[in-house]
Amino acid sequence: MIRLLAVRNLTLKPLRSLFLLFGFSMGVAVMIVLLSIGEALLDQSRDERLVGGGDVTVLPEGVDVEVLKTGGLGGMFFSIDNARFIYRQLLAAPRLSDVVGTVSPQIEGKLLYLRTADGQERTVRASGDIPSLTAAVGAAPTITDGTWSDDSLDRRWRSPTLAELRHDIDHFHVPPKEVAGDPSWAEWHYFNVISPDLQRWAFISFMLVGDVGGAADRWGAQFDVTLHEQGRPPRRFTSRVASSDVRFSTTDADLRLGGATVEVLADGRYALRGTAREEGSRTPVSVDLVVSPAEGAYFPGANLASSRVSGYVVPALRADAAGSICVASACTRYEAAQAYHDHNWGAWRGVTWQWGAARAGSYTFLYGRVETPDTVATTPPPFVYLVDSTGFLALFRPREITYVDGRTTMVNGIAVRTPSRAEMVDVRGDDTLRISIVIEDAMATDTRGTSVQRGEGLIARALERPYFVQMKGTATIGGRIRGTPLTGSGAGFFETYR
């Protein structure tokens with residue numbers, strides 16, 4: 001009877017029957033797919049090689065999860081650069097507190113080699129995490145004996161004091177093997193400060209030069225102060241220091257060059273002290289400043305040239321300075337003056353750069369690009385790093401910095417064309433950025449000379465564009481980030497080569 005009814009229904013209402021049959025088939029297919037997905041999720045939840053806990057797992061761009069699971073070559077050596085910065089300034093930042101509850105960094109199933117006391121090597125699989133954070137995302141293991149809690153290194157990683165953070169990112173280095181003995185190696189603390197009327201400013205450098213850490217006669221140090229007043233020639237003060245009178249460390253940011261010192265105070269501020277003499281007149285200058293970085297306004301550090309050692313970190317992208325700079329008995333005093341601090345290291349043979357940093361209202365930006373002689377044909381785009389009062393805001397990669405060389409700067413009697421304006425534009429999805437810079441003052445230095453200030457003057461560099469141009473100007477930003485308009489302008493310093 002049922003078969004007869006089915007045949008009669010199909011014969012009398014063929015289209016309706018086919019439609020119902022199609023719908024039934026789709027329902028069965030969807031159910032099969034859902035059951036398959038559920039089974040796959042259940043299998044993965046039981047896979048010990050997958051990190052447990054939390055709702056979202058963040059991995060390096062381009063990493064294949066299946067490769068990580070199977071231990072393929074592509075998954076053996078992956079890492080996340082500046083993982084602590086990503087944790088503090090991106091995932092666990094106050095900006096995302098309304099959508100992110102807890103973040104837990106974890107390393108799962110990392111291949112390591114263990115060497116025993118008798119010299120044998122064994123392959124081991126190791127995991128690492130921070131106990132309190134792992135427990136907070138619900139992924140804590142079952143402890144059968146003993147305790148499992150944060151130690152001092154865990155605490156320093158997840159929530160360092162301001163002084164610890166400065167030491168961790170701002171310490172000094174020794175030349176690695178690939179550039180050992182290179183006379184163009186240099187590393188320096190650099191500070192600048194500008195008066196409230198924006199008419200006077202100072203560049204202050206504490207620099208190590210040469211085969212640092214090698215033979216005593218193959219390296220040395222220099223403390224430099226360059227004082228500017230808009231529209232007037234700069235005044236340069238220098239103190240050269242023998243390597244025997246230098247104290248630097250690869251574990252902290254404190255530095256001593258003879259009587260010139262940089263000290264990180266317990267609250268994370270920088271204390272700068274030093275004396276030098278003016279080139280020619282021998283007039284003395286003394287520096288006594290305290291630089292106070294704004295919390296969260298820092299660049300964590302990167303190697304800016306992939307083909308060589310060229311490191312750069314900005315512990316104080318936005319800062320205030322207080323204290324004095326005295327030339328003989330005439331002192332300029334600062335109180336909450338705009339300031340900046342960065343740290344550079346590397347082998348600089350043939351290397352030039354584009355660089356700038358400025359305040360623009362409530363925003364502060366940093367841009368840069370390192371140009372090495374072996375990458376001239378494929379010069380990378382600059383980066384623009386933007387922060388606001390809560391820390392890191394956005395990263396842009398404009399295609400180019402457009403200069404208008406509308407100024408003439410005299411260098412040893414030679415007229416050098418230097419920028420009068422600059423502009424950068426970028427679009428990242430719905431986010432846009434435009435930076436316009438008006439240059440108000442510029443000085444240029446022939447790097448083939450012997451003076452050293454912020455990396456110029458190292459004869460071993462042999463630059464095709466030998467004139468190092470340091471500029472002061474006003475920067476204006478516009479655009480939109482996540483629907484919020486960007487507006488602001490303010491003073492900044494900028495560098496290029498001609």
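General remarks:
- D154 surrounded by fewer than 17 Cβ atoms within 10 Å (Cβ to Cβ), acidic (D, E) and not assigned by TED's automatic domain parsing to the domain that holds V209: yes
- Failed item in (1) outside any loop (DSSP other than H, G, I, E, B); (2) in contact with a strand residue (DSSP E or B) (Cβ under 8 Å, 6 or more places away or on another chain); (3) surrounded by fewer than 19 Cβ atoms within 10 Å (Cβ to Cβ); (4) of a type outside the set (G, A, S), with D217 passing the rest: (2)
- Residue satisfying all of: in the range 82-102; closer than 16 Å to I130 by Cβ and crowded, with 17+ Cβ neighbours inside 10 Å; farthest from the chain's Cα centre (by Cα) among these: A92
- Residue list for the range 157-185, filter: surrounded by 18 or more Cβ atoms within 10 Å (Cβ to Cβ), charged (D, E, K, R) and at pLDDT 95 or above: R166, D168, D170
- Test result for P381, under 19 Å from the mean Cα position of the chain (by Cα), surrounded by fewer than 20 Cβ atoms within 10 Å (Cβ to Cβ) and farther than 23 Å from A316 by Cα: yes
- Hey, T372 farther than 13 Å from M424 by Cβ, in contact with a Ser or Thr (Cβ under 8 Å, 6 or more places away or on another chain) and of a type outside the set (A, V, I, L, M, F, W, C) or not: yes
- All positions within the range 390-418 that are more than 24 Å from Y363 (Cα to Cα) and not in a strand (DSSP E or B): D405, G406, N412, G413
- Restricting the range 256-304 to residues that are part of a loop (DSSP other than H, G, I, E, B) and of a type in the set (D, E, K, R), the residue that is surrounded by the most Cβ atoms within 10 Å (Cβ to Cβ): R269
- Scanning the range 316-336 for residues that are without any contact (Cβ under 8 Å) to a residue 12 or more places away in the chain and crowded, with 20+ Cβ neighbours inside 10 Å returns no hits.
- Looking across the range 448-498, the residues that are part of a loop (DSSP other than H, G, I, E, B) and modelled with pLDDT of 80 or more come down to R465, P466, R482, G483, R498.
- Test: residue in the range 186-197 that is modelled with pLDDT of 90 or more, surrounded by fewer than 15 Cβ atoms within 10 Å (Cβ to Cβ) and either touching a Gly at 6+ places or on another chain (Cβ under 7 Å) or not in a helix (DSSP H, G or I) (or both): yes
- The one condition in (1) under 15 Å from T476 (Cα atoms); (2) among the basic types (K, R); (3) out of contact with any Phe, Trp or Tyr (no Cβ under 9 Å at 6 or more places or on another chain) that R407 fails to fulfil: (1)
- Members of the range 419-447 found to be hydroxyl-bearing (S, T, Y) and in a strand (DSSP E or B), listed by number: T432, S436, T445
- For G231, the conditions (1) touching a residue at least 40 places away in the same chain (Cβ under 8 Å); (2) surrounded by fewer than 22 Cβ atoms within 10 Å (Cβ to Cβ); (3) within 31 Å of the chain's Cα centre (by Cα) are fulfilled apart from (3).
- Candidate set: the range 146-180, residues that are more than 20 Å from the chain's Cα centre (by Cα) and basic (K, R); chosen: the one farthest from V264 (Cα to Cα): K177
- P233 being in the same structural domain as W185 (by TED's automatic domain parsing) and at pLDDT below 95: yes
- Test result for A126, in the same structural domain as F248 (by TED's automatic domain parsing) and more than 24 Å from the chain's Cα centre (by Cα): no
- When the range 112-139 is limited to residues that are touching a residue at least 12 places away in the same chain (Cβ under 8 Å) and aliphatic (A, V, I, L, M), the one that is surrounded by the most Cβ atoms within 10 Å (Cβ to Cβ) turns out to be L133.
- Residue list for the range 99-145, restricted to those being assigned to a loop (DSSP other than H, G, I, E, B) and closer than 18 Å to R84 by Cβ: V100, T102, V103, S104, P105, I130, V137
- Residue check for G323: at pLDDT below 95, in contact with a strand residue (DSSP E or B) (Cβ under 6 Å, 6 or more places away or on another chain) and not assigned by TED's automatic domain parsing to the domain that holds T447: no
- Residue in the range 337-371 that is surrounded by the most Cβ atoms within 10 Å (Cβ to Cβ), counting only those that are at pLDDT below 95 and of a type in the set (A, V, I, L, M): V370
- All conditions in (1) out of contact with any Pro (no Cβ under 9 Å at 6 or more places or on another chain); (2) touching a residue at least 40 places away in the same chain (Cβ under 8 Å) hold for G350, with the sole exception of (1).
- Filter result for the condition that a residue is under 22 Å from the mean Cα position of the chain (by Cα) and not acidic (D, E), over P183, P131, P105, P141: P105
The values are calculated or read from the model by the stated rules, or taken from the named source; none is laboratory data. Every value quoted in this text rests on a predicted model; they were computed, and no experiment measured them. Glycine also receives a Cβ, built like all others from the backbone with ideal geometry; neighbour counts cover every protein chain displayed.
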